[in-house]
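Notes for the one structure printed next.
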Amino acid sequence: MNNPYSILLYYCYTPIEDPEAFREQHHLFCLELNLLGRIIISKEGLNGTISGLKEDCEKYMAAMHADPRFAKIDFKVDYSDKHAFAKLHVRTKSEIVHSGLLHIDPNARTGKHLAPKEFKEMKDREDVVVLDVRSDYEYSVGRFKNAVTLDIENFREFPEKVEELKEKYKDKKILTYCTGGIKCEKASAFLLEQGFEDVYQLHGGIIKYGMEAGGEDFEGKCYVFDNRVAVDVNTVNPTVISTCHVCGTKSDRMVNCANPVCNLHVPICEACGWELDGACSSECKEHPEKRPYDGTGYYQKELNGYNPLKGFNRKKKTDVQV
Ligand SMILES: [Zn+2]
Ligand SMILES: [Zn+2]
């Protein structure tokens with residue numbers, strides 16, 4: 001297949017002195033390169049997932065690496081036949097991933113980074129616990145074999161779960177993992193702060209593990225935050241772990257319910273998809289606002305009124321072409 005687009009996933013914990021000024025400048029730069037996606041900027045760094053033409057993404061990566069603050073960014077690069085986003089959002093927030101752990105600086109102390117191959121080599125040892133620090137909707141589609149998962153809907157609930165983990169696994173080596181590595185920076189640092197002694201993190205997350213270790217023993221698909229919803233990472237021993245919301249057969253076909261009021265995001269098998277015309281239940285199938293089903297279960301969000309320069313101070317830059 002011809003894949004002229006790249007999808008980049010990256011983060012960097014690095015001090016950014018004036019996040020608002022940087023945001024404006026960075027937003028403009030992304031527009032210039034016709035990039036789409038989501039970038040979050042804060043005093044502690046930046047977190048992004050974007051798509052664009054391969055050449056444009058290469059220019060973006062080169063420019064970032066030329067800035068000493070971002071020289072160490074490890075970009076995870078995937079290829080696609082189209083953009084993975086419909087819009088560009090560049091925003092400032094108090095944290096680049098919402099954890100409530102503002103006091104933690106992963107540059108000062110964090111779990112030891114493991115390259116995908118080192119992780120693969122360590123994960124099945126007796127004295128090791130593999131800990132998934134992601135949310136329930138993510139690991140329900142895919143996770144490492146024998147991973148410990150947490151009953152959380154959002155990463156900000158992670159700190160509350162650490163007491164339980166301490167009771168069970170205090171003396172074990174903990175190997176944390178997440179999608180691209182960013183959550184582990186703070187999660188593993190927090191575990192150290194809470195008294196765990198031997199804490200490691202999968203560098204580059206599941207995505208890099210798929211690229212460099214064939215995704216071995218990752219069961220199911222990896223949930224991602226773009227139009228692809230979930231991607232394959234395991235080319236060694238792939239399996240399906242999720243089940244159809246309607247009939248219970250194994251399925252990793254993630255869809256949104258065609259009833260926009262419900263919009264439930266669950267696996268629904270191909271057959272049930274057609275049977276219920278894209279809805280998650282017969283009630284939703286009959287809903288007056290139900291959207292037409294095209295077999296994908298993906299519904300483009302309304303672009304009406306979308307302005308790529310939203311929140312951008314136009315007075316300062318009059319040379320921007322929209
Ligand atoms: Zn089904
Ligand atoms: Zn529904």
Practice item. For the stretch 252-259, indicate whether the set of residues that are within 27 Å of residue 212 (Cα to Cα), at pLDDT below 95 and more than 16 Å from ligand 2 (Cβ to nearest atom) is non-empty. Key: yes
Review point. Could you give every pair whose Cβ atoms fall below 8 Å, whose first residue belongs to the stretch 267-287 and is in contact (Cβ under 8 Å) with a residue 60 or more places away in the chain, and whose second residue is more than 12 Å from ligand 1 (Cβ to nearest atom) and among the hydrophobic types (A, V, I, L, M, F, W, C), counting only separations of at least 6 or pairs across chains?
Key: 267/141; 267/254
Point to revise | Only listed residue being surrounded by 16 or more Cβ atoms within 10 Å (Cβ to Cβ) and closer than 28 Å to residue 174 by Cα, chosen from 92, 110 | key: 110
Exercise for review: Looking only at the stretch 213-226, decide whether some residue is in the same structural domain as residue 140 (by TED's automatic domain parsing) and in a helix (DSSP H, G or I).
Suggested key: yes
Study note, to complete from the structure: The residue from 16, 50 that alone is in contact (Cβ under 8 Å) with a residue 40 or more places away in the chain, buried (at least 20 other Cβ atoms within 10 Å of the Cβ) and either of a type in the set (Asp, Glu) or closer than 20 Å to residue 228 by Cβ (or both) is 50
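Per-residue answers, yes or no, for (1) farther than 30 Å from residue 299 by Cα; (2) β-branched (Val, Ile, Thr); (3) in the same structural domain as residue 15 (by TED's automatic domain parsing):
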position: 34; (1), (2), (3): no, no, yes
position: 51; (1), (2), (3): no, no, yes
position: 66; (1), (2), (3): yes, no, yes
position: 77; (1), (2), (3): no, yes, yes
Review point. Between residues in the stretch 103-124 that are closer than 16 Å to residue 191 by Cβ and residues that are among the polar types (S, T, N, Q), which pairs lie under 8 Å by C-beta distance while being six or more apart or on different chains?
Key: 110/188; 110/201; 111/176; 111/188; 111/201; 112/201; 113/201; 114/201
Review point. Does residue 247 satisfy the condition of being touching a Cys at 6+ places or on another chain (Cβ under 8 Å) and assigned to a helix (DSSP H, G or I)?
Key: no
Check your understanding: Which residues, counting only those in the stretch 227-244, are of a type outside the set (Val, Ile, Thr) and part of a loop (DSSP other than H, G, I, E, B)?
Key -> 227, 228, 232, 234, 237, 238, 242, 244
Practice item. Could you list, in sequence order, all residues of the stretch 273-294 that are more than 14 Å from ligand 2 (Cβ to nearest atom) and either outside any loop (DSSP other than H, G, I, E, B) or charged (D, E, K, R) (or both)? Key: 274, 294
Revision key, fill the gap. Picking from 178, 262, 257, the residue that is within 26 Å of residue 85 (Cβ to Cβ), crowded, with 20+ Cβ neighbours inside 10 Å and either more than 16 Å from ligand 1 (Cβ to nearest atom) or of a type in the set (S, T, N, Q) (or both) would be 178
Practice item. For residues that are part of a helix (DSSP H, G or I) and farther than 20 Å from residue 126 by Cα, tally how many sit in the stretch 165-187. Key: 6
Check your understanding: Hey, any hits in the stretch 16-32 for a residue that's in contact with a helix residue (DSSP H, G or I) (Cβ under 9 Å, 6 or more places away or on another chain), under 21 Å from residue 104 (Cα atoms) and not assigned by TED's automatic domain parsing to the domain that holds residue 186?
Key -> yes
Review point. If you scan the stretch 159-193, which residues turn out to be of a type in the set (A, V, I, L, M) and touching a Lys or Arg at 6+ places or on another chain (Cβ under 8 Å)?
Key: 175, 189, 192
Practice item. Kindly provide the set of residues from the stretch 147-164 that are among the polar types (S, T, N, Q) and either without any contact (Cβ under 8 Å) to a residue 40 or more places away in the chain or part of a helix (DSSP H, G or I) (or both), ordered by number. Key: 149
Exercise for review: Pick out the one residue from 197, 270, 157, 163 that is within 21 Å of the chain's Cα centre (by Cα), away from ligand 2 (no atom under 16 Å from the Cβ) and of a type in the set (D, E, K, R).
Suggested key: 157
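The values are calculated or read from the model by the stated rules, or taken from the named source; none is laboratory data. Computed from a predicted model, the values in this text were never measured in an experiment. A quick note on method: Cβ atoms are made from the backbone with ideal geometry, for glycine too, and the neighbour counts reach across all protein chains shown.
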